[in-house]
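Reviewing the structure listed below.
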Amino acid sequence: MLSKRTIIGLVIGSVIIAIGGYSLILHIGTITINENYVVAVGDSTFYTIPAPAHTQQTMTITGDSFDMKLESPGDGLQIPNTSYKKEVSLNWTHLIDGETKIHIQNTGNAELIITGVLVRTSDPIWFTFDLMVITSGMVIIGFSMGFTLRKPKGF
């Protein structure tokens with residue numbers, strides 16, 4: 001017969017393991033990010049987008065004036081440091097696995113609005129984090145099982 005503490009520990013540990021497993025499944029493969037970012041006057045921003053081959057990327061930058069530099073892996077889209085006014089729409093595809101690097105500097109008198117849909121690979125640290133969550137659920141179940149053991153005579 002299981003004690004009340006053991007049942008509570010089993011339930012809590014099982015919930016933690018389920019959350020870790022669900023998160024592990026979510027972090028497999030690519031992640032789609034819907035970007036909506038504002039850059040203040042005079043500020044700059046950097047994007048590093050690691051992505052597998054054949055992933056489509058889109059980004060629209062709207063503002064008074066700005067400088068932008070883009071480097072895509074392989075023979076993909078390459079834009080040297082160039083000045084723009086009003087709006088720029090970018091669509092490119094990663095030809096090989098690698099990182100796209102984008103530097104945007106607001107040189108105008110108004111804020112920049114950056115919108116886009118970026119597809120990137122999952123960060124490997126999340127895999128480790130999810131495994132640690134699953135392990136902590138197992139540890140909780142293990143400790144709670146200790147409450148069901150009968151104590152030897154004399155204790």
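On a 0 to 90° scale, report how tilted helix 4-26 is relative to the longest principal axis of the chain, with both axes built from alpha carbons and the result rounded to the nearest 10.
Roughly 20 degrees between the two axes.
Can you check what the Kirkwood hydrodynamic radius comes to for the range 83-155, Cα pairs only, in Å to one decimal?
Hydrodynamic radius (Kirkwood, Cα only) of the range 83-155 equals 18.8 Å.
Which order do His54, His103, His94 take when ranked by solvent-accessible area (1.4 Å probe, heavy atoms of all protein chains), largest first?
Putting His54, His103, His94 in descending order of accessible area: His54, His103, His94.
Under 5 Å between amide hydrogens, which residues at least 5 positions from Leu95 or on another chain qualify, with H placed 1.01 Å from N in the peptide plane?
So Leu95 has HN proximity to His54, Gly76.
If you rank Asp130, Asp75, Asp67 by how much accessible surface each has, with a 1.4 Å probe, what is the order from largest down?
Sorted by accessible area, descending: Asp75, Asp67, Asp130.
Give me the percent of Cα-Cα pairs in the range 30-121 that sit more than 20 Å apart, rounded to a whole number.
Every Cα pair in the range 30-121 considered, those over 20 Å come to 31 percent.
State the Cα centre-to-centre distance between the range 45-102 and the range 128-143 in whole Å.
40 Å
How large is the Kirkwood hydrodynamic radius of the chain, in angstrom, based on all distinct alpha carbon pairs?
About 19.1 Å for the chain.
Please report the relative contact order for the chain, taking Cα pairs under 8 Å with a sequence separation of at least 6, and give it as a percent rounded to a whole number.
40 percent
Using r as the Cβ-Cβ distance of Trp126 and Ile8, and R0 as 30 Å, what FRET efficiency do you calculate, to the nearest 0.05?
Efficiency, rounded to the nearest 0.05: 0.55.
Over the chain, what percent of the accessible surface lies on carbon and sulfur atoms, probe 1.4 Å?
Its accessible area is 63 percent carbon and sulfur atoms.
Cβ neighbours within 10 Å, averaged per peptide: list 31-37, 13-19 in order, most packed at the top.
13-19, 31-37
Please go through the range 57-155 and write out the GluC sites (Glu not before Pro) that DSSP classes as loop and that have at most 15 other C-beta atoms within 10 Å.
Within the range 57-155, the qualifying GluC sites (Glu not before Pro) (loop, at most 15 other Cβ atoms within 10 Å) are Glu111.
Can you work out the Karplus-derived ³J(HN,Hα) for every residue in the range 103-119? Use 6.51 cos²θ - 1.76 cosθ + 1.60 with θ = phi - 60°, whole Hz, and x for glycine or proline.
Going residue by residue, I get 10, 10, 10, 7, 10, x, 9, 9, 5, 8, 10, 10, 10, x, 10, 10, 10 Hz, with x marking Gly and Pro.
What number, rounded to the nearest 500 deg cm²/dmol, is the helix-based mean residue ellipticity at 222 nm of the chain, given -39500 (n - 2.57) per DSSP H run of at least four residues and division by all its residues?
Calculated at 222 nm, the ellipticity per residue is -10000 deg cm²/dmol.
Which net charge results for the neighbourhood of Ile79, defined as the other residues with beta-carbon distances under 12 angstrom from its beta-carbon, given Lys and Arg at +1 and Asp and Glu at -1?
Around Ile79, the surrounding residues sum to 0.
What does the accessible area per residue of the chain come to in Å², with a 1.4 Å probe and no ligands, DNA or RNA counted?
64 Å²
Using modelled backbone amide H atoms (1.01 Å from N, in-plane), which distant-in-sequence or interchain residues come within less than 5 Å of Gly116's amide H?
Residues meeting the amide H criterion: Glu35, Thr60.
With N residues in the range 50-103, what two-decimal value do you get for its Cα radius of gyration over 2.2 N^0.38 Å?
That works out to 1.15 for the range 50-103.
Lys pairs in the chain, Cα-Cα under 21 Å, at least 8 apart or on separate chains: how many?
Total qualifying Lys-Lys pairs in the chain comes to 5.
Counting only trypsin sites (Lys or Arg not before Pro) that are in a DSSP loop and have at most 14 other C-beta atoms within 10 Å, tell me the longest site-free stretch of the chain.
The longest uninterrupted stretch comes out as 1-149.
The values are calculated or read from the model by the stated rules, or taken from the named source; none is laboratory data. Treat the numbers as computed from the prediction; the structure is a model and nothing was measured. Positions of Cβ are backbone-derived with ideal geometry, glycine not excepted, and every protein chain shown enters the neighbour counts. What goes into the accessible areas is simple: the full protein's heavy atoms, side chains included, and nothing from ligands, DNA or RNA. Shrake-Rupley method; radii C 1.70, N 1.55, O 1.52, S 1.80 Å.
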